[in-house]
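Right, one structure below, let's go through it.
The values are calculated or read from the model by the stated rules, or taken from the named source; none is laboratory data. The structure displayed is predicted, hence computed values, not measured ones. Positions of Cβ are backbone-derived with ideal geometry, glycine not excepted, and every protein chain shown enters the neighbour counts. Just so you know, the surface numbers come from the protein's heavy atoms only, side chains and all, with ligands and any DNA or RNA stripped out. Shrake-Rupley method; radii C 1.70, N 1.55, O 1.52, S 1.80 Å.
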4 protein chains.
Amino acid sequence: MVKVAIVGASGYTGVELLRLLHAHPSVEITCVTSRQNAGEDIAAVFPSLQGAITQVCDAVDVELVCAKADFVFTALPHQTAMAVVPSFLQAGKRVVDLSADYRLRDVAVYEQWYQAHTSPELLAEAVYGLPEINREQIVTARLVANPGCYPTSVALALKPLLEKNLVDTSTLVADAKSGTSGAGRSAKLGSLFCEVNEGFKAYGVANHRHTPEIEQTLSQVAGAPIRLTFTPHLLPINRGILSTCYGQLQAALSAADLHQLYRDTYAAEPFVRVLPDGVYPNVAYVRGSNFCDLNLAVDARTGRVIVMAAIDNLVKGAAGQALQNMNLMLGFEEGLGLGQLPLFP
Amino acid sequence: MVKVAIVGASGYTGVELLRLLHAHPSVEITCVTSRQNAGEDIAAVFPSLQGAITQVCDAVDVELVCAKADFVFTALPHQTAMAVVPSFLQAGKRVVDLSADYRLRDVAVYEQWYQAHTSPELLAEAVYGLPEINREQIVTARLVANPGCYPTSVALALKPLLEKNLVDTSTLVADAKSGTSGAGRSAKLGSLFCEVNEGFKAYGVANHRHTPEIEQTLSQVAGAPIRLTFTPHLLPINRGILSTCYGQLQAALSAADLHQLYRDTYAAEPFVRVLPDGVYPNVAYVRGSNFCDLNLAVDARTGRVIVMAAIDNLVKGAAGQALQNMNLMLGFEEGLGLGQLPLFP
Amino acid sequence: MVKVAIVGASGYTGVELLRLLHAHPSVEITCVTSRQNAGEDIAAVFPSLQGAITQVCDAVDVELVCAKADFVFTALPHQTAMAVVPSFLQAGKRVVDLSADYRLRDVAVYEQWYQAHTSPELLAEAVYGLPEINREQIVTARLVANPGCYPTSVALALKPLLEKNLVDTSTLVADAKSGTSGAGRSAKLGSLFCEVNEGFKAYGVANHRHTPEIEQTLSQVAGAPIRLTFTPHLLPINRGILSTCYGQLQAALSAADLHQLYRDTYAAEPFVRVLPDGVYPNVAYVRGSNFCDLNLAVDARTGRVIVMAAIDNLVKGAAGQALQNMNLMLGFEEGLGLGQLPLFP
Amino acid sequence: MVKVAIVGASGYTGVELLRLLHAHPSVEITCVTSRQNAGEDIAAVFPSLQGAITQVCDAVDVELVCAKADFVFTALPHQTAMAVVPSFLQAGKRVVDLSADYRLRDVAVYEQWYQAHTSPELLAEAVYGLPEINREQIVTARLVANPGCYPTSVALALKPLLEKNLVDTSTLVADAKSGTSGAGRSAKLGSLFCEVNEGFKAYGVANHRHTPEIEQTLSQVAGAPIRLTFTPHLLPINRGILSTCYGQLQAALSAADLHQLYRDTYAAEPFVRVLPDGVYPNVAYVRGSNFCDLNLAVDARTGRVIVMAAIDNLVKGAAGQALQNMNLMLGFEEGLGLGQLPLFP
């Protein structure tokens, strides 16, 4: 049994990590931390855990965490994460960091979209933890930067097209919609039930911080620099991201051709489902699971391809992918503890 | 008092017409019809109307309707509408038809996307009832084809850009999201609460019937044929459409320039609100009202403009716009009976 | 035109007062105040008001309010309300106070459930503003204490039974469920979308502050002291209260008898709808309106009557009833400005 | 590996059985049937199952099912279930029937609330499958009648009080609220998204068919005949039941006393969680799990106890409890395959 710590357990990503790790046969949760809930039973913070998880929240104390655990998940806000991650590494722990702090390889890009970086020396070493793209590097990584939710969905949607150079990369648009758990568990006016429910709007238009992360991954896949327009929207649901991606095809390809390409590309992937022809991804069909569902259509009238990707933002978009990365790093079967089927309805 | 009939009153558009007409000071609802609820009190069909509207549903009988009313709203499915609209006109009634049957001017296009047309001779006469574009023709029309919900939002979103020839019209994408009332009130598996709630998906990708209608209006505005990619999605809310529209700018225009253009274009329009800088349209802020809220952003990195439009699909996208058209046709003040503010939250 | 002020306009009750007063033909909104949004356009606080209401929020300054307005609505939290209401009265203004501060006639009861009262001398004068019970006193009142949302629904549900002494008053239970707007617009963890959505729970069980208010009204109606068990629950919807009330019948009465009693009792009431036999109140059918919908069933097996009442907590449960009270106080037709039909769906 | 069949797999209970059985280490799903989807892949019926469950739906053919499986779950409507259950038993299969057909021991009561019974001879043998009450009999049963969702919640809520004779049984009221999946997956007007969403109402008031089932269980527990008033309501959520139960205490007991009684009663139960003092059951905290969460309050002012029970209607209220019963019948550990934590948020 590997002893794992969740640093920053009182957010939605934290509770989802707890839910998933509880179902994992080869790990034991030996430490959970929370600044604001230190001293409280984590099951008092999240009554869903009553009777199953009995950890008391520690303060965020690196020595304590290192004494209690062998493997560390940091589920902290950006900037807070990089204040502790280097210490865990120095103490010999392997880390999956769920913040944005180690996702961008170019410190200048990071500092343009976020703020000053306090451990830029780790950026070259950190592996961007999208197994469908970087599986081999993840296996041996000390530090895995767990991808953002939107970037995961857009990268998996566009990878097959970009690898084969099938779209004009100057025409890419990703129109993405996320459930409200993506906004976190802090008490903000804009996240109140009555502000979100029965509403729908875009936010962060043309300036959302996931843009450079998406572009970094797409550029890696395409082997050339890519810029796209990315527009996130807030959905009045708890969980789920649907990204609808557009690009101009370089040649007159049929939907059948592209469908086959997608099936081939992801044939060996345990968590990517290319849906049957005509069945479009729905966030309701991946809820609670680590699946990314994909499908596409060709608008022959305009020569455009439309690719849709659905994930659960808390699972494949956060905690599930973190667990998948941990499995790879520790030599477990990649899907261990992630076999739960989606909860529908 | 003008006597009005609602033919096909038992759908969501029907009940919304009843709600709005009830608040109109110069009309009297003298006839409501419903095939499936004939003989029932309309307030039994919609208990929200209890104590306020006491009409009994008639069967759809043209003579009866003509005897009871001077002005007719047809809120029937396409194909069913064109079975009765010509008779109303022959009887000397003026009609606002909320179906798709008279929206497309080219019968070949109609028949390609729908089915054979039984009164193509009326297509040249019918006026497409988007007051912000065709106000003058509406005033004198016998037959107004009330626009579809999606087309209303996309047309108002893109009109200023197209009139000024500011975007490359080969790059237009409209990613639209609609509340579930747009799917109508028929008992279908896909419209069940548990199938829609906490879900989100695209549908009709690259083949939705509103595509040619959108293109017809945009082409009229631009003065040149336009094709776009239009992707509708189903939102787990009752009411509201948000359309996010993308296009490549022909020149390096700032958001401030474009914002001013939008304000100028719609300065005199009573139902179009160009929101202040940075406040993005939210369907929650137009609920129950006839407003179309607009705003935009420029993605300077890619040279793209993103325009967002929010309407209530049952009001500006259907019944409210129908009432606005009636006001124009009858010489009433355009906003009469449409002054209710949005219901928030 | 009467000049009215809304003191405390930045909550959900405030915006609802604005919506309703905007539709009132004989009043003009001349002052809105908000501590936290002073200096801001109220339409920036609530974009739903864009283009329609242009007031800038004042700080809560009694002299300023008195200079600007003739009639005052106070939509402040309890304790904050009683800090300003006496001053408005001294300045000769008539006031509808939407807080709990003047609802309880017995200062000891108030101080047991809330905190010390700073103007207990006004309690004898204040009129409890439930028109269906106290219409005559409201007409001449200087200060109307606008009822709470739950108490309105329970009082209207039980009034006919208690007036006729038909139930054993020791057996009364009110199981009530409220939409989340009832929790206000402050940024609290428990009001976040993801905490409320897809959830349902009771709160304030056996100790909610509306209990003594409900009991005061029921006791007045029954002419004898009444205690009941009141259990509120939080519904994952924006608006609406449904109260399901139980009591043991004193005699073997039929549902038909009781239904007739309810219709007779409320025959002249413009805002109480006793629904047809078998149609049960649904919050969806009163949304946005000032209606209270009622119906009942008799459980002959146990000798119990079950009465259900549905209101929109922001309208008949707050702002709409406040407007109804204002109409009575100012000699307007009681329903003026309240004629909007419910928004369904 | 035990081979199991799900007869009637195309409803919400069916898909939930598939989800749970898929996670069970000692069973294999070898047969799924569906009248309306015969010949279709079950993953086409429920895309959530894509890539994980590959069964094709058979027609409901008893011989075929018997040839394919050793253990049978019947998830059919009442009346349809009893058309096939006897045949499965005759073929030597053990059956968990999720319909109402074998829940009531008295055929006269069944026929009063449902319709004629075609295999009344099985009623004496069938065991009512509520493990917290009938665990021993379940172990050896051939036919287990899986309890209804509402009855499960009410029985677990009231058992401790009734066993100890602490409440006046003539005063029991159960006010229950269920998510919409409880209404099934058939395409009915009343189950449409726009009819349910943002709505809330009671239904089946004083005549719901779960009443005699609840009374049978409570009477068994109390050792005396019990009648109660039961009022179900429809919640605009997918999953979950909260039952709020009221009774007059026979003596002045404190909440602390009763809380201790509940903890003692359920100390050994793996799926009943008596929540800490002051934490009230919330359907969001049991979602997707087999837990029943309980808590209570005492209204000292009226001498009444209020007990709240939350379950997921599709899990502890249907498929999860069926699996729990199967585990008992087959000698597996009772919680096998049911260890998934609730999905929050």
note = Diffing region D:156-161: the Karplus 3J(HN,Hα) column from phi (6.51, -1.76, 1.60, θ = phi - 60°), in whole Hz with x for Gly and Pro, holds 5, 5, 9, 3, x, 5
inquiry  = Using the Karplus curve 6.51 cos²θ - 1.76 cosθ + 1.60 with θ = phi - 60°, what ³J(HN,Hα) values do you get for each residue of region B:221-235, in whole Hz, with x for Gly and Pro?
reply    = 5, 7, x, 7, x, 10, 10, 9, 9, 10, 10, x, 10, 9, 8
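Magnitude of the Cβ-charge dipole of region D:150-313, K/R +1 and D/E -1, about the Cα centre, nearest 20 debye?
Working: 14 positive and 14 negative charges, 71 e Å.
Around 340 debye, computed over region D:150-313.
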query = Counting Lys and Arg as +1 and Asp and Glu as -1, what is the net charge of the other residues whose Cβ lies under 14 Å from the Cβ of A:Pro151?
reply = +2
Positive dipole terminus of region C:2-125, leading residue within C:Leu49, C:Ala108, C:Phe88 (C-beta point charges) = C:Leu49
note = One residue of chain A has its C-beta nearest the axis rotating A onto B; that residue and its distance in whole Å are A:Asp175, 2
key: Charge context of B:Asn238, other residues only, Cβ under 14 angstrom, K/R +1, D/E -1   = +2
request  = On the full set of protein chains, 1.4 Å probe, figure out the accessible area of D:Ile29 and give it in Å² to the nearest 10.
outcome  = 30
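Hey, which of these cross-link pairs are over 29 Å Cα-Cα: A:Lys164/B:Lys188; C:Lys201/D:Lys159; C:Lys3/C:Lys188; C:Lys68/C:Lys316; A:Lys201/C:Lys188? Provide the component values of the computation, followed by the final result.
On the way: A:Lys164/B:Lys188 40 Å; C:Lys201/D:Lys159 21 Å; C:Lys3/C:Lys188 34 Å; C:Lys68/C:Lys316 27 Å; A:Lys201/C:Lys188 22 Å.
Over 29 Å Cα-Cα: A:Lys164/B:Lys188; C:Lys3/C:Lys188.
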note = Inter-part gap, Cα centre of region A:95-128 to Cα centre of region D:161-178, in whole angstrom, is 59
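Expressed as a rounded percentage, what relative contact order does region B:150-313 have, with Cα pairs under 8 Å and six or more residues apart?
30
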query = Simple spin-label model, 7 Å along Cα-to-Cβ: B:Ser170 to A:Leu330 in nm?
reply = 5.4
ask   = Quick one: Cα centre-to-centre distance for region C:4-50 and region C:280-345, in angstrom?
value = 23
query = To the nearest 10 Å², what's C:Val107's accessible area with a 1.4 Å probe?
reply = 50
task = List the distances, in nm to one decimal, from the label point of B:Ala67 to the label points of the same position in every other copy, shortest first, placing each label point 7 Å from Cα along the Cα-to-Cβ direction.
result = 6.5, 6.7, 9.3
ask   = Considering only the label points, 7 Å along Cα→Cβ from Cα, what distances in nm to one decimal separate C:Asp257 from the same position in each other copy, shortest first?
value = 3.8, 8.1, 8.1
ask   = Any idea what the D:Ala116 label distances to the other copies are, label 7 Å down the Cα→Cβ vector, nm, shortest first?
value = 5.1, 7.8, 8.7
query = What angle do you read, to the nearest 10 degrees and between 0 and 90, between the alpha-carbon axis of helix C:12-22 and the longest principal axis of chain C?
reply = 80
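Evaluated at 20 °C with a viscosity of 1.002 mPa s, what Stokes-Einstein diffusion coefficient in µm²/s does region B:132-244 have when Rh comes from the Kirkwood expression over alpha-carbon pairs? Before the final figure, lay out each step's value.
Values: Rh = 15.4 Å.
So the translational diffusion coefficient is about 139 µm²/s.
Kindly identify the protein assembly as shown as rounded, prolate or oblate by the Cα gyration tensor criterion: order the square roots of the eigenvalues as a ≥ b ≥ c, call it rounded if a/c is under 1.5, otherwise compare a/b with b/c, prolate if a/b is larger, else oblate.
Numbers: a/c = 1.29, a/b = 1.00, b/c = 1.29.
Cα axes put the protein assembly as shown in the rounded bin.
Could you give the size of the charge dipole of chain D about its Cα centre, using +1 on the Cβ of each K and R and -1 on the Cβ of each D and E, expressed in debye and rounded to the nearest 20?
Here chain D has a charge dipole of around 380 debye.
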task = Taking the dipole about the Cα centre of chain B, with the C-beta of Lys and Arg at +1 and of Asp and Glu at -1, give me whichever of B:Asn327, B:Ser153, B:Gly8 is farthest to the positive side.
result = B:Ser153
task = Compute the relative contact order of chain D as a whole-number percentage, counting only Cα pairs closer than 8 Å that sit 6 or more residues apart in sequence.
result = 17
note = Here the relative contact order (percent) of region A:2-125, from C-alpha pairs under 8 Å and at least 6 apart, is 23
ask   = What is the projected area of the convex hull of the Cα atoms of chain A, averaged over all directions, in nm²?
value = 16.9
